[in-house]
Every structure is written in C-alpha cells, then in structure tokens.
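Q: Structure in structure tokens, see below.
Taken together, the values in this text are just the output of simple stated rules run on the coordinates, not laboratory data. Given the structure is predicted, the values throughout are model-derived calculations rather than measurements. Backbone-built Cβ (ideal geometry, glycine too); neighbour counts: all protein chains shown.
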Amino acid sequence: MTLTPESAAAFAELVTNELGEGIASTDPDLILKCSSDWSRMSPILQEKLPPGRFPADLVVRPTSAEQVPAFLKLAFEHDVPVVPRGAGTGNYGQATPFTGGAVLDLRGLDAIVEVGDGYVVAQAGAKLTAVDDAVRASGQDLWMFPSTKGSTVGGFVAGGSAGAGTIEFGTTADGFVAAMTIAPCDGSGETFHVEGEATIPYVHTYGVTGVATEITLRCSPARDWVAMYASFTDYDKALAVHRALPGLSVLPRLASLDEPGLVATLPAALPLDATKTSLRIILEASTVEEAADLVVEGSGEVVAVFEDYAECDRLSSMSYNHPVYFLQKSGRNCFHVEVGGLPLWDSPESVRTVYPGSMIHMELRVEAPMAMYVADYESEAQVLAGFPKLEELGIGFHSPHQWAVDRHVAEAIATVPTTDPKGLLNQGKLDRDAVVPPQADTRNEVLIARTTVLSS
Ligand SMILES: Cc1cc2nc3c(=O)[nH]c(=O)nc-3n(C[C@H](O)[C@H](O)[C@H](O)COP(=O)(O)OP(=O)(O)OC[C@H]3O[C@@H](n4cnc5c(N)ncnc54)[C@H](O)[C@@H]3O)c2cc1C
C-alpha cells in the first residue's frame, strides 16, 4: 500500500499507541537521513538513488526486542512496507525504501546479551566495535568484522560478507552465524529461532526473509594481534610476499595490499611513501619475525610494527572498500568492482587491461586473493562493458552497482512465502519469481567459487 501523509501519520500514531511514545516518527529530517545508505560509493547508484528520491513515510525505532514482532504485526495488518536498517553503511542501496512505508531502525537494540565459550549473543543493533570489545574482554576473538566496524551486527549479517578474520574463517555464510532470532512479517507478532545451516536464508539477503532481533556469532581463543606496515618498490615482489603469507605458522587476520596510486590517501598511523606498494598485515605477534623475513627476502622493508590493538583496528579501517572511499573522498570520481581469483596474483597486468588506468586494492584469502578493482568513472555502460571481459580472464566479480539480493537467492525465495507472505519486507530487492538453481550460491562465494574451479 502507498501511504499518503495522512495515512502515514495515522499509522505512526497507531504504532505510538501500541508500542510507546517516541518509537514512531514522521520527522522529515529523520526520514531523509534514514532513507538512504552508503550507495553513494557507486557513481551509478548515486545517480539512481540520490538522497530524497525514495523517502520512507515514517521511521520506527524500537528500544526492546519485543517491539519488533509487535510492530511487524501492525505493518502486516495495515499493509505497510518495512525496510530494516542498522547503521546504513551498506553500499549497494540495500536499505533504500523504494516503496516508502517504514524504515525500522534497529540501533536501539544494542545489548550484548551473553559472551560464552566460543560464542557471543548480541541484539541486532549492537555495534561490532562494542561486540568486539566484549569478546576481547572475555579472552576471545570475534571470528570476523568488516572494515566498517561501527556498523551493526544485524546489518553485517544481513548486508555484508567479509572482513578482518575472513582469511581464516571465510565469509559470514561459513559458520560465523551460529543462530538468529527472526521476526517474520506474517501477522503472528512472534519470533522464531534458527541455527546453523538454517540461518542461510537470512544471511546477506537484506532482511527480505525476516528481521533479525538477536544473533549468535562465533568466537575463538584470543590471539595477540599486532599491526605491521611494509612497503615495496617492486609490485610483483610485493605480490609474491602477499601470496606467501598463508604459510605463516599462524594465519594473519588481515593482509591488505595497495599499489602506489591508492597509498597517498590512506589515513595510516605513520606517513606512507606514496611511490611504493603498501602491505599492511594484522598478524599474530609470534609470527612477526617470520613475516619480516618474508618481506625482506621479497626486497621489501618493514616500516613499522604496532603492538596496540587499536592500531590493528586502524589497519582494518583501511581494508576492503575503504581505500576506494578514501580515494573518492580526495576528489577522484572513481568506481570499483569486487573481484577475486588467482589471475590477480598471477597476471595483474592482464586484469588491469579491463578498465584502462585502473588500480587494485587486494585482500588476502588462502585460496586466492579478493580485491577492489578501482578505475575512473565515465558511465554505467563503461562499467558494465568490463564484466564480460573479467569473465573471459577467469576473474570472479560481484557488482556493487545494483541492489537486488544476489546471494542465497534460492533459499530466500523458498523462505519468503512463509516469513513474508504479503511481500512487505524490503520491497524491490528480491525477484520472487526468479528461477535459480537451489543451493547455487549457498556458501556466499561468488568470488571464491570461481577460484576453486580455476585452481582445481
Ligand atoms: C567504506 C565502506 C567499507 C565497507 N567495508 C566492508 C567490509 O569490510 N566488509 C563487508 O562485508 N562490508 C563492508 N561494507 C558494507 C557495509 O558496511 C557492511 O555490510 C555493514 O556491515 C552493514 O552494516 P550496517 O549496520 O551499516 O547495515 P545497513 O547498511 O543498515 O543494512 C544492510 C542491509 O541489511 C538489512 N538489515 C539491517 N539490519 C537488519 C536486521 N536486523 N535484520 C534484517 N535485515 C537487516 C538492511 O535492510 C540492508 O539491506 C563497507 C561499506 C563501506 C561504505
């Protein structure tokens, strides 16, 4: 149903009456703020989803987990579309309310419920910074977190996929999510619990299958992480060192490699030489010497090693999409494509031919690297023209320039008739009629699946 200003105000009043004062708002400034996300990282999405083009009609901000199913019951009864939202750092436009309705801002659910042996239970709106602090205080490490560590648990699970820790533990779909409490939009006003494999329809599916209120994430015994900066004059030698890092006696938590064009804008702990390739590693303290030997044997230089955990966080905040963001912030009109595969290590020059003048920010995976492939933006046609060329080169890619659910699609399609029979959750993101082979991408491995094929 499309809401008019009057029906939106009436629905907000109903929500207030049922759930409490201050939960629902029709304040235009708040609506504007909560109706767009970080899709502006894509010049294509920037044009298609500028702030204000798809405003919600109201913002609902629950402060208790019970209010979420209660609110979804009201939305179901009144046919109001709902878009769940965490910190809004998703960069695919996943949290855009295409059809208005309510944005369900979950940041008020920020409790860390329990830290146990090997797991942490947190409410969906808890920030990963707070979760990591709690987990570290218990002598453990959270398996992974994104470079946007200020984002929420629910947003990372529903909208993200990887980060520091991915080298050892894979993506968010590889066992990281042990259990979830889901509020469906089915008129029941209740929640249900899913565990293990049964969480997959709710992982990286943008909330179309249900709203997560509580999530159990996996932890492992804490390691003594340190932050190492190294630099190289020769890019190929830096690549060889990057490739050798899985051989360390403890896998690193993160290893980011940037060619010189991406180095100048990195907010590092110390001035970086922008004429050189930068390698930044979060590694276990006991492996510093091994890593330093690799760097020196590779004709590189260890520039600094920081033992402070906060410096590891700084390294993480320069990983994944962040170098692209810093470049854009410096005024460069560029775009990126998420890519992966052995050709990035074997023949980066051939990969670079796809978009002339391009640059590569690389992240270590054991099987093969993944990367943000960056180039100056001309047009959507220019970006799309590169995709078949990447295919030809055997490079797996994922487009950050579109908002449709593209992982666990079959699982989501199979789930929504039960959890969202009226199709009110995050409208416009899931093609419910798509014909997708079941389990086509269960492991959330668009990039890595290709790599496996290539290396087998
Ligand atoms: C500069 C930059 C760097 C980034 N780096 C990384 C990275 O390292 N790794 C990575 O994986 N991603 C990265 N991202 C993408 C994004 O930051 C992550 O996916 C992030 O964890 C999203 O969390 P959020 O709280 O901001 O979620 P939002 O952006 O608010 O939401 C993301 C999606 O999840 C849905 N959603 C939110 N909460 C819930 C819930 N409780 N239940 C159901 N659905 C929900 C929303 O509707 C939306 O579709 C980056 C983005 C930017 C701009």
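Q: Residue 422: which lysines have alpha carbons under 18 Å from its alpha carbon, excluding same-chain residues fewer than 8 sequence positions away?
A: Cα-Cα hits under 18 Å: 73.
Q: Still on this structure, I have one more. With axes computed from alpha carbons, what is the tilt in degrees of helix 235-244 against the longest principal axis of the chain, rounded to the nearest 10 within 0 to 90?
A: The helix 235-244 is inclined about 70 degrees to the chain.
Q: Could you check the simple spin-label distance between residue 195 and residue 237, using points 7 Å along Cα→Cβ, in nm with one decimal?
A: Label-label distance for residue 195 and residue 237, simple model: 5.3 nm.
Q: Okay, next question. What's the angle, to the nearest 10 degrees (0 to 90), between helix 128-137's Cα axis and the longest principal axis of the chain?
A: So the inclination is approximately 70 degrees.
Q: Further question on the same structure: What shape does the chain have by the C-alpha gyration tensor, where a ≥ b ≥ c are the square roots of the eigenvalues, rounded means a/c under 1.5, and otherwise prolate means a/b greater than b/c and oblate the rest?
A: Prolate, since a/c reaches 1.5 and a/b exceeds b/c.
Q: Helix-derived [θ] at 222 nm for the chain: sum -39500 (n - 2.57) over DSSP H runs of at least 4, divide by residue count, nearest 500?
A: The helix contribution divided over the chain gives -8500 deg cm²/dmol.
Q: Lys/Arg Cβ at +1, Asp/Glu Cβ at -1, dipole of the chain taken about the Cα centre: which of 19, 398, 198 is farthest positive-ward?
A: Checking the options against the dipole of the chain, the answer is 398.
Q: What's the local net charge at residue 355, with K and R +1, D and E -1, over the other residues with C-beta under 9 Å away?
A: Once positives and negatives cancel, what remains is +1.
Q: Putting +1 on Lys and Arg Cβ atoms and -1 on Asp and Glu Cβ atoms, find which of 230, 220, 207 reaches farthest to the positive end of the dipole of the stretch 194-244.
A: Final value for the positive-end residue is 230.
Q: Moving on. Roughly how far apart, in whole Å, are the Cα centres of the stretch 1-46 and the stretch 288-327?
A: Rounded to whole Å, the Cα centres lie 41 Å apart.
Q: What FRET efficiency do you get for residue 308 and residue 347 if R0 is 60 Å and r is their Cβ-Cβ distance, rounded to the nearest 0.05?
A: 0.95
Q: Under a 5 Å amide H to amide H cut-off, with H placed in plane at 1.01 Å, what residues pair with residue 101 once short-range neighbours are removed?
A: 3, 57, 58
Q: If you don't mind, another one. Output ³J(HN,Hα) for the stretch 305-320: one whole-Hz value per residue in order, computed from phi by the Karplus curve 6.51 cos²θ - 1.76 cosθ + 1.60 with θ = phi - 60°, and x for Gly and Pro.
A: 10, 10, 8, 6, 4, 4, 6, 5, 4, 4, 4, 4, 6, 10, 10, 6
Q: Output wanted: per-residue J couplings in Hz (rounded whole) for the stretch 412-428, from phi through Karplus 6.51 cos²θ - 1.76 cosθ + 1.60, θ = phi - 60°, x for Gly and Pro.
A: 5, 4, 6, 8, 4, x, 8, 8, 8, x, 8, x, 8, 7, 6, 4, x
Q: Can you list the aspartates and glutamates whose alpha carbon sits under 13 Å from that of residue 33, skipping same-chain ones fewer than 8 residues off?
A: 57, 105
Q: Now a separate question. Any chance you could run the full-extension gain for residue 332 through residue 129? It's 0.36 nm times the residue separation minus the Cα-Cα distance, nm to one decimal.
A: Contour length minus Cα-Cα distance gives 70.1 nm.
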